[in-house]
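*Asks:* Dumping the structure here so I can ask a few things about it.
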Amino acid sequence: MEAFKYQSPMDESRLRAACRKIRHVALDMDGTIYLGSALFPFTPAFLESLRSRGIGYSFLTNNPTRSRKDYVGKLTGMGIQVSEDQVLTSSVATIGYLRAQLPQVRRLFLLGTPSMQREFEEAGFELTRDDPADRPDALVVAFDPTLTYDRFCRAAWWASKRDIPYIATNPDWVCPTDRETILIDCGSLCKALEGAVGRSPDTVIGKPSPLMLNGLCSSLGLRPNEVAVCGDRLYTDVASARNAGCFGVLVLSGETTLGTALAAGPAPDLIAASVAEFGELLKNL
């Protein structure tokens with residue numbers, strides 16, 4: 001990976017012109033700045049290079065298993081100073097979607113970690129029990145390492161009720177990890193529910209939806225082409241950048257291989273070995 005030279009469908013002059021417009025970088029986390037519990041060694045220097053050039057940054061993740069407060073704690077424990085306002089998760093985006101698009105929904109059957117459940121309760125939602133008599137206003141399915149078989153079966157039961165809205169927090173098939181296992185993510189859980197009851201989610205929040213990025217641009221007062229999105233997945237990170245009109249940077253430090261990246265169509269705005277290489281490009285402008 002060290003010998004890899006960044007690649008872009010743009011010629012060098014257009015690429016540099018696009019990079020000169022960047023005022024903020026939206027960073028995926030797992031697979032981009034760390035892997036599992038291990039911070040990439042190049043991450044602190046990359047973030048410092050952004051700060052030194054007056055480029056802001058936020059952390060965006062489709063992983064809803066932790067609250068923003070939890071992510072701040074994790075990042076701080078890795079030596080990265082960050083505020084809650086700099087962290088955007090698919091669970092936060094889902095809360096925003098429910099408030100804006102389904103204001104009548106208050107009671108949820110939620111497949112999610114205890115941390116995520118607390119975040120929804122703190123936002124004013126009531127979580128229903130695993131009980132057919134405790135009917136929810138909506139079903140929310142998320143990546144949930146604490147999931148039990150009984151609760152998964154109850155989620156299938158509510159998904160079979162077509163009058164109950166069904167929302168998924170994110171479309172990811174697996175979650176990146178440095179452990180010797182496969183972490184089955186929300187997209188795979190929803191596929192299993194589809195096999196059981198013949199229904200896919202009504203709405204999928206999180207990347208590649210532009211919702212998080214649209215909100216970020218609005219809150220910062222930036223145009224989409226002033227924001228770069230860095231991530232390790234074509235179908236979430238790069239696709240969300242394209243959908244929102246932002247500059248998409250695919251890094252090869254996580255899920256996507258170089259061969260897959262080069263075969264992708266449409267191609268990312270930039271393919272880089274890691275955020276370190278993207279940082280060098282910004283530095284050399």
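*Asks:* Lys/Arg Cβ at +1, Asp/Glu Cβ at -1, dipole of the chain taken about the Cα centre: which of 164, 213, 125 is farthest positive-ward?
*Replies:* After comparing all options, I get 213.
*Asks:* Now a separate question. Applying 1/(1 + (r/R0)^6) with R0 = 30 Å to the Cβ-Cβ distance of residue 52 and residue 177, what FRET efficiency is obtained, to the nearest 0.05?
*Replies:* 0.40
*Asks:* Another question, if that's okay. Grab the Cα-Cα distance for residue 16 and residue 149, subtract it from 0.36 nm times how many residues apart they are, and report the gain in nm with one decimal.
*Replies:* Here the segment from residue 16 to residue 149 would lengthen by 42.8 nm.
*Asks:* Enumerate the amide H contacts of residue 229 below 5 Å, restricted to partners 5 or more residues apart or on another chain; note that Pro and chain-start residues carry no placed amide H.
*Replies:* Long-range HN contacts for residue 229: 26, 247, 248, 249.
*Asks:* Cross-link partners among aspartates and glutamates for residue 283, C-alpha distance below 13 Å, same-chain residues fewer than 8 apart left out?
*Replies:* Cα-Cα hits under 13 Å: 48.
*Asks:* Moving on to the next point. Choose one of 183, 248, 139: the residue whose Cα lies farthest towards the positive end of the charge dipole of the chain (beta-carbon charges +1 Lys, Arg; -1 Asp, Glu; about the Cα centre).
*Replies:* 248
*Asks:* I would also like to ask the following. Could you please report the charge total around residue 216, scoring K, R as +1 and D, E as -1 over all other residues with beta-carbon less than 15 angstrom from its beta-carbon?
*Replies:* Charge balance in the 15 Å sphere: -1.
*Asks:* Starting from the Cα-Cα distance between residue 163 and residue 283, subtract it from 0.36 nm times their residue separation and give me the gain in nm to one decimal.
*Replies:* Contour length minus Cα-Cα distance gives 37.9 nm.
*Asks:* Within the set 21/191; 5/191; 161/207; 21/207; 74/207, which residue pairs have Cα atoms separated by over 29 Å?
*Replies:* 21/191; 5/191
*Asks:* Using alpha carbons only, how many angstrom separate the centre of the range 176-230 from the centre of the range 58-108?
*Replies:* 12 Å
*Asks:* Please work out the FRET efficiency for the pair residue 6 and residue 196, using the Cβ-Cβ distance as r and a Förster radius of 41 Å; give the result to the nearest 0.05.
*Replies:* Approximately 0.40, to the nearest 0.05.
*Asks:* Give the peptides 44-54, 224-234, 111-121 in descending order of average Cβ contacts within 10 Å, highest first.
*Replies:* So the order, starting with the most tightly packed, is 224-234, 111-121, 44-54.
*Asks:* What ranking do 135-141, 58-64, 75-81 get when scored by the average of other Cβ atoms within 10 Å per residue, highest first?
*Replies:* With the highest mean Cβ count within 10 Å placed first, the list reads 58-64, 135-141, 75-81.
*Asks:* With the Cα gyration tensor of the range 127-285 giving a ≥ b ≥ c as the square roots of its eigenvalues, does the rule (a/c under 1.5 for rounded; else a/b larger than b/c for prolate; else oblate) give rounded, prolate or oblate?
*Replies:* prolate
*Asks:* Sticking with this one: With just the Cα atoms of the chain, tell me how far they stretch along each of the three principal axes, in Å, largest first.
*Replies:* 62, 35, 32
*Asks:* Taking neighbour counts of Cβ atoms within 10 Å as a proxy for exposure, in what order, fewest first, do 256, 146 appear?
*Replies:* 146, 256
*Asks:* Sum up the charges of everything whose Cβ sits under 12 Å from the Cβ of residue 83, counting Lys and Arg as +1 and Asp and Glu as -1, but leave residue 83 out.
*Replies:* Net of charged neighbours comes to 0.
*Asks:* Taking K and R as +1 and D and E as -1, what net charge do the other residues with C-beta under 13 Å from the C-beta of residue 234 add up to?
*Replies:* Here the count lands on -3.
Where a number appears in this text, it was derived from the coordinates with a stated rule and is not lab data. Computed from a prediction, not measured in an experiment: that's the story for all the values here. Positions of Cβ are generated from backbone atoms using ideal geometry, with glycine treated the same way; all protein chains shown enter the neighbour counts.
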